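Participant: Pasting a structure here, questions to come.
The values are calculated or read from the model by the stated rules, or taken from the named source; none is laboratory data. Values in this document were obtained by computation on a predicted structure and should not be read as measured data. Don't worry about glycine lacking a Cβ; one is built from the backbone with ideal geometry, like all the others, and counts go over all protein chains shown.
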Amino acid sequence: MRADDLELARRCREGDAAAFETLYRDHAGRLFGLLMRMTGSAHDAEDLLQDVFVQAHRKLAGFRGESSLGTWLYRLAVNHCLDHLRGKHSRMARSTDSLDAEDAPEPAAAAPVLPEAIARIDLERAIAQLPAGCRAAFVLHDVEGLDHREVGEALGISEGTSKSQVHKARMKLRGLLRGVTRGALEAV
Amino acid sequence: MNDDQMLTCERLVDALDDYLDGQADARTRTAVEAHLEGCPTCPALLADVRAIRGAARALTPIEPPADVWRRVQARVHLEVPVRESWLERLGLSTRGWGALQPLGAVAGLVLVVSSLAWVGTRLAVAPPPVADGSGAHAEFQLAEAEYTDAIARLQEAADAAGPRLDALTNATLQSSIDDIDSAIGDAREALAREPGDALSQENLLEALGSKVALLQDTVSLAGDIEPGTEVQNP
């Protein structure tokens with residue numbers, strides 16, 4: 001696997017367009033999913049995906065095979081996306097903070113409010129409606145499978161804050177998905 | 001179980017993921033289960049969190065629209081032959097570093113940049129190596145200082161060369177310099193947040209290297225032109 005990655009990276013560095021397209025085809029779907037869920041915007045995700053592959057093309061000379069190409073690209077994508085979100089957050093900090101502060105806690109329920117199997121499309125739409133801060137923590141933890149320590153390192157927050165952000169996201173999702181039919185969410 | 005071992009609903013949140021992942025220690029597991037037995041709302045919460053986690057983990061990749069690949073291709077094709085494309089777009093060819101010889105003040109600088117293995121390389125495919133290990137930060141600082149010094153000196157030469165280039169060429173070069181300066185600013189901001197971050201260091205050196213090469217091209221272009229002659233764009 002690692003030898004294949006090194007060979008593909010070598011071909012890309014030498015200007016082999018087919019090799020670079022292979023790299024893109026192999027990884028674009030996973031990275032686009034990550035970027036779209038992290039940003040909540042297809043438009044931003046498209047721009048970021050372009051940037052990631054252009055950056056990757058520039059940086060392939062530094063790829064030494066210490067991790068797989070997939071992991072290397074994933075790290076590029078997460079870092080680039082977080083830079084984007086930090087810039088966006090700093091521009092919108094006041095409004096985002098006030099929106100977060102206005103959220104009322106979800107009422108407690110005595111019985112589960114969600115079906116055991118949540119429709120993918122419903123969940124995708126609900127994730128897109130989460131506030132940026134807790135959405136990033138949720139995507140990295142619950143979708144991408146990072147543990148809270150890793151989420152904390154990626155986002156520059158403590159492990160405890162990661163737990164509370166992920167919990168906050170889940171409670172918001174619970175509210176968004178509560179009794180929602182696919183048609184109702186599509187209309188949002 | 002005594003009061004100290006009892007979990008509140010709020011504290012359950014901290015233990016939830018370890019519990020659901022089967023990684024909670026025995027004491028925590030017992031405390032969570034005791035709380036669930038006596039709490040009227042947390043069992044429902046647990047079931048819903050389990051459903052959300054399960055659905056989230058099952059999310060699949062999303063294929064980007066086809067035109068994203070076309071845009072990536074276009075940007076990469078523009079970037080790879082950066083030096084050549086600059087000269088081709090301006091309808092000129094380079095005579096190489098000999099073009100710099102009349103600019104004696106720059107000659108020593110070329111040696112400095114050569115030592116960084118950047119001269120004559122394609123910018124898009126040759127980022128400077130950032131060494132791993134304890135000496136990496138010192139190497140980064142040295143490289144940054146050399147690039148910064150090189151840029152300051154090249155900028156003077158490029159400013160002097162500017163009047164020999166036509167307005168369109170100057171505008172095009174300035175636009176690229178602005179883009180690179182923006183990238184340098186972004187990298188410096190990232191480093192201000194995390195001074196030791198290797199990727200940000202690499203980004204900064206790459207952007208500084210791009211600026212050195214573009215300023216070199218500017219000076220080189222002016223060296224190709226007889227003083228007082230304007231470049232004719234195609």
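Participant: Among the residues of segment B:185-213, how many are over 9 Å from the mean Cα position of the chain (by Cα) and more than 13 Å from B:Gln141 (Cα to Cα)?
Facilitator: 11
Participant: So if I check each of A:Gly40, A:Gly33, which one is surrounded by 14 or more Cβ atoms within 10 Å (Cβ to Cβ), under 20 Å from the mean Cα position of the chain (by Cα) and at the interface with chain B (Cβ under 7 Å from one of its Cβ atoms)? Show your work before the answer.
Facilitator: Working: A:Gly40 fails: at the interface with chain B (Cβ under 7 Å from one of its Cβ atoms).
The match here is A:Gly33.
Participant: Does A:Arg91 qualify as being of a type in the set (Lys, Arg) and either part of a helix (DSSP H, G or I) or at pLDDT 90 or above (or both)?
Facilitator: Yes.
Participant: Which residues, counting only those in segment A:119-143, are at the interface with chain B (Cβ under 10 Å from one of its Cβ atoms) and either of a type outside the set (A, V, I, L, M, F, W, C) or under 15 Å from A:Lys172 (Cα atoms) (or both)? Give the steps one after another, and end with the answer.
Facilitator: Here is the first cut: in segment A:119-143, the residues at the interface with chain B (Cβ under 10 Å from one of its Cβ atoms) are A:119-120, A:122-124, A:126-127, A:138-139, A:141-143.
Scanning segment A:119-143 gives A:Arg120, A:Asp122, A:Leu123, A:Glu124, A:Ala126, A:Ile127, A:Phe138, A:Val139, A:His141, A:Asp142.
Participant: If the Cβ limit is 7 Å and pairs must be 6+ apart or interchain, which residue in segment A:53-72 that is surrounded by fewer than 17 Cβ atoms within 10 Å (Cβ to Cβ) pairs with which residue that is assigned to a loop (DSSP other than H, G, I, E, B)?
Facilitator: Listed pairs, sorted by first residue: A:Ser68/A:Met1.
Participant: Right, another one. Within segment A:5-50, how many residues are over 30 Å from A:Gly133 (Cβ atoms) and assigned to a helix (DSSP H, G or I)?
Facilitator: Residues meeting the conditions: 19.
Participant: Just the residues that are more than 9 Å from every other protein chain (Cβ to nearest Cβ) and hydrophobic (A, V, I, L, M, F, W, C), please, taken from segment B:27-74. Explain how you work it out, then say what you get.
Facilitator: Filtering segment B:27-74 for residues more than 9 Å from every other protein chain (Cβ to nearest Cβ) gives B:27-39, B:66, B:70, B:74.
If the condition is that a residue be more than 9 Å from every other protein chain (Cβ to nearest Cβ) and hydrophobic (A, V, I, L, M, F, W, C), then B:Ala31, B:Val32, B:Ala34, B:Leu36, B:Cys39, B:Ala66, B:Ala74 are the ones that fit.
Participant: What number of residues within segment B:149-188 satisfy the criterion of being of a type in the set (Gly, Ala, Ser) and not in a helix (DSSP H, G or I)?
Facilitator: Of segment B:149-188, the ones of a type in the set (Gly, Ala, Ser) are B:150, B:152, B:157-158, B:160-162, B:167, B:171, B:175-176, B:182-183, B:185, B:187.
Now restrict to residues that are not in a helix (DSSP H, G or I): none.
Total satisfying the criteria: 0.
Participant: Do we have any residue at all in segment A:14-22 that's surrounded by fewer than 15 Cβ atoms within 10 Å (Cβ to Cβ) and polar (S, T, N, Q)?
Facilitator: Yes.
Participant: Looking only at segment B:63-87, filter to residues that are under 21 Å from A:Asp26 (Cβ atoms) and not in a helix (DSSP H, G or I); which one of those is modelled with the lowest pLDDT?
Facilitator: B:Val80
Participant: Residues in segment B:197-220: is at least one modelled with pLDDT under 85 and either in contact with a strand residue (DSSP E or B) (Cβ under 6 Å, 6 or more places away or on another chain) or surrounded by fewer than 16 Cβ atoms within 10 Å (Cβ to Cβ) (or both)?
Facilitator: Checking segment B:197-220: at least one residue is modelled with pLDDT under 85 and either in contact with a strand residue (DSSP E or B) (Cβ under 6 Å, 6 or more places away or on another chain) or surrounded by fewer than 16 Cβ atoms within 10 Å (Cβ to Cβ) (or both).
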